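Engineer: The structure is given below, and queries will be raised subsequently.
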Amino acid sequence: MSHHFGKMRTAGLEYLKAAFSGEAVERAIDITGRFCVEVPGWQLWNGFGGGGRFEGGGSGGAARTTAEIAEDIGLIHRLTDSTPTVGQHILWFFSKNGIEGDYGEARRVSEELEEHGLRMGSISPTYFLAGSEDGSFTSQKADIRRRYIDQTILGAEIAAGLANGILTLWYPDGTNYPGQRFLPDKISLMKECFEEFWGSLPDRTKEGLDRVLVEYKVFEPGTYSTTVPDWGTSRELSHIMGDKGGVLVDMGHHHHGTNIEQIVGTLITFGVRGGFHFNTRYAADDDHSVQADYGMSKLFFELLSGDVVFNTDPSKNWVYALDQMARTEQRIPSVLKSIDALKRSIARAALVDTAALRKPQTELDMIGANVEFERALLHADTTPIVLESYERKGLHPDPLAAYYESGYQREIEKKRG
């Protein structure tokens, strides 16, 4: 460990202990060190994030095969001890022809991941294929709907048999112009396909699933309507799966200015089983790596307060994953930067003195409450906590610096192009 990181860590921890108490800092170090996040395989893949929305070469050194994806995320996990699972898209990684999924291919990918100390994470059917311009579950063509229902059934079987039991569903279905389709027809077809999918699953597969998360997106690619545009629609569809159903919240899939932490708090209050995709958006999608900003810190406060991060009952914990598109940046540094941002943010949330906050809240001192809240969530520099969390694991205190020092980026650019 360099002298620079050592001084920053020790001096910073002393300041934070004086500002928030030693007990609060210890709690933050523990929580920061234990927090893990899933990395999507497509984040490292050269078939994702290049010249087009879902295709192209991407940045230099991107993985060309599922084996290289496993190699890259294995390195990320060794540097951070925070990324044990890898998310998968069926027709990107489990298909021989790009049209139909294959359980045998999924088994092969699972074995590749195990060689690097990783496990298959959430499974996502691929609902955006050529011939689906009218939709997937909402297409007017019965054969298109059938193809996607069958793929979703396969996804559930893979999730239950080879992965961690998490099936995540996102649909690009929608319209670009008023009158293009009757809107009630779209959501009715979506509901019918969900019912057919769930009704077709064998009981053994349902039992092997942990949860089926329905993601929502306010707009895009459909610019007039999106068939699953909000958490309420996701929640209604998730009811079809009974206690296995849940809602997947994606940071980037909201109108700018949406109070996302309020949505999270509401879902937790009503006992909804949930998941969260982390990213940052400046435009109309989840395009960028995570920012350790006030919004992310407020979000983690709700997650920690709601006891859905480290609950002793695993069924109550939400599932957490990155979901970002690296168009131009180097893939592995982009992921490492996001992990750092998440740890900085959850550390801030862990520093909040909820007892001290309760006094101005009950006395209706709104400014006092806000000042106490922001003391940790907006103003605390949690760099020393993140450094210490890695130091206690015997890791380099700054995984991104360790990555650059390793020369791995130069090696993969030379090897892969």
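Engineer: Karplus couplings for the stretch 292-297 from phi (6.51 cos²θ - 1.76 cosθ + 1.60, θ = phi - 60°), rounded to Hz, Gly and Pro as x?
Structural biologist: 7, 10, 4, x, 5, 5
Engineer: Given the pairs K217/K316; K244/K337; K316/K359; K186/K343; K244/K343; K244/K359, which span a C-alpha to C-alpha distance of over 31 angstrom in this model?
Structural biologist: K244/K337; K186/K343; K244/K359
Engineer: Rank T205, T65 by accessible area, highest first, at a 1.4 Å probe radius?
Structural biologist: Greatest to least solvent exposure: T65, T205.
Engineer: Express the accessible area of the stretch 195-257 per residue in Å², computed with a 1.4 Å probe while the remaining protein chains stay in the model.
Structural biologist: It amounts to 41 Å² per residue over the stretch 195-257.
Engineer: Could you run the Karplus curve 6.51 cos²θ - 1.76 cosθ + 1.60 with θ = phi - 60° over the stretch 357-369 and give me ³J(HN,Hα) per residue in whole Hz, x for Gly and Pro?
Structural biologist: Per-residue couplings from phi come out as 6, 5, 4, x, 5, 6, 8, 6, 8, 5, 6, x, 5 Hz.
Engineer: For the chain, with only Lys/Arg (+1) and Asp/Glu (-1) charged at the beta-carbon, what is the dipole magnitude about the Cα centre, in debye rounded to 20?
Structural biologist: 360 debye
Engineer: Rounded, prolate or oblate: which fits the chain when a ≥ b ≥ c are the square roots of the eigenvalues of the alpha-carbon gyration tensor, with rounded for a/c under 1.5 and prolate only if a/b beats b/c?
Structural biologist: It comes out oblate by the Cα gyration axes.
Engineer: Over the chain, with every protein chain in place, what whole percent of the accessible area is carbon and sulfur at 1.4 Å, could you tell me?
Structural biologist: Carbon and sulfur together cover 52 percent of it.
Engineer: While we're looking at this one, here's another question. Counting only helical runs of four or more DSSP H residues, what would the 222 nm mean residue ellipticity of the chain come to if each run contributes -39,500 (n - 2.57) and the total is spread over all its residues?
Structural biologist: Helix contribution divided over all residues of the chain: -15000 deg cm²/dmol.
Engineer: Here is a further query. Compare T362, T312 by solvent-accessible area with a 1.4 Å probe and give them largest first, with all protein chains kept in place.
Structural biologist: Per-residue accessible area, sorted high to low, gives T312, T362.
Engineer: Sticking with this one: Just round it to a whole percent: the fraction of Cα-Cα distances in the stretch 2-133 exceeding 24 Å.
Structural biologist: 45 percent
Engineer: Quick check: from the Cα gyration tensor, does the stretch 54-197 come out rounded (a/c under 1.5), prolate or oblate?
Structural biologist: Prolate, because a/c is 1.5 or more and a/b exceeds b/c.
Engineer: Starting from the Cα gyration tensor of the stretch 231-280, take the square roots of the eigenvalues, sort them a ≥ b ≥ c, and report rounded, prolate or oblate (rounded when a/c is under 1.5, otherwise prolate if a/b is larger than b/c, else oblate).
Structural biologist: Since a/c reaches 1.5 and a/b is larger than b/c, the shape of the stretch 231-280 is classed as prolate.
Engineer: Which order do peptides 211-221, 169-179 fall in by mean Cβ count within 10 Å, highest first?
Structural biologist: Going by the mean number of other Cβ atoms within 10 Å, highest first, we get 211-221, 169-179.
Engineer: If amide H atoms are built 1.01 Å from N in the plane of the peptide, which residues on other chains or at least 5 residues away come under 5 Å of the amide H of T382?
Structural biologist: none
Engineer: If one computes the Cα centroid of the stretch 69-137 and of the stretch 266-281, what distance in Å separates the two points?
Structural biologist: A separation of 22 Å, based on Cα centres.
Engineer: Moving to a separate point now. Consider a paramagnetic label point 7 Å from the Cα of T205 along Cα→Cβ; state which residues of the stretch 239-273 have an amide N under 16 Å from it.
Structural biologist: Taking a point 7 Å out along Cα→Cβ of T205, the residues of the stretch 239-273 whose backbone N falls under 16 Å are 241-242, 244-245.
Engineer: Give me the accessible area per residue for the stretch 97-183, probe 1.4 Å, as a whole number in Å².
Structural biologist: On a per-residue basis, 43 Å².
Engineer: Moving to a separate point now. With every protein chain left in place and a probe of 1.4 Å, what is the accessible surface of L44, to the nearest 10 Å²?
Structural biologist: Approximately 0 Å² of L44 is accessible to the 1.4 Å probe.
Engineer: For the stretch 318-392, what is the accessible area per residue in Å², given a 1.4 Å probe and the full set of protein chains?
Structural biologist: Each residue of the stretch 318-392 exposes 40 Å² on average to a 1.4 Å probe.
Engineer: Ordered by residue, what ³J(HN,Hα) values in Hz, to whole numbers, does the stretch 15-29 give under the Karplus form 6.51 cos²θ - 1.76 cosθ + 1.60, where θ = phi - 60° and Gly and Pro are x?
Structural biologist: Coupling constants for the stretch 15-29: 5, 5, 5, 5, 7, 10, 4, x, 4, 5, 5, 4, 4, 5, 5 Hz.
Engineer: Cα atoms only, the stretch 55-108: Rg and Dmax in Å?
Structural biologist: Here Rg and the maximum Cα pair distance are 12.7, 36 Å.
Engineer: Here is a follow-up. Given a 1.4 Å probe and heavy atoms of the protein chains only, how would you sort K359, K298, largest accessible area at the top?
Structural biologist: I get K359, K298, largest accessible area first.
The values are calculated or read from the model by the stated rules, or taken from the named source; none is laboratory data. Quick caveat: nothing in here was measured; it's all calculated off a predicted structure. With ideal geometry, Cβ positions are generated from the backbone for all residues, glycine too; neighbour counts draw on all protein chains shown. For the accessible areas, the whole protein counts, side chains as well, though only heavy atoms, and no ligand, DNA or RNA atoms are used. Shrake-Rupley method; radii C 1.70, N 1.55, O 1.52, S 1.80 Å.
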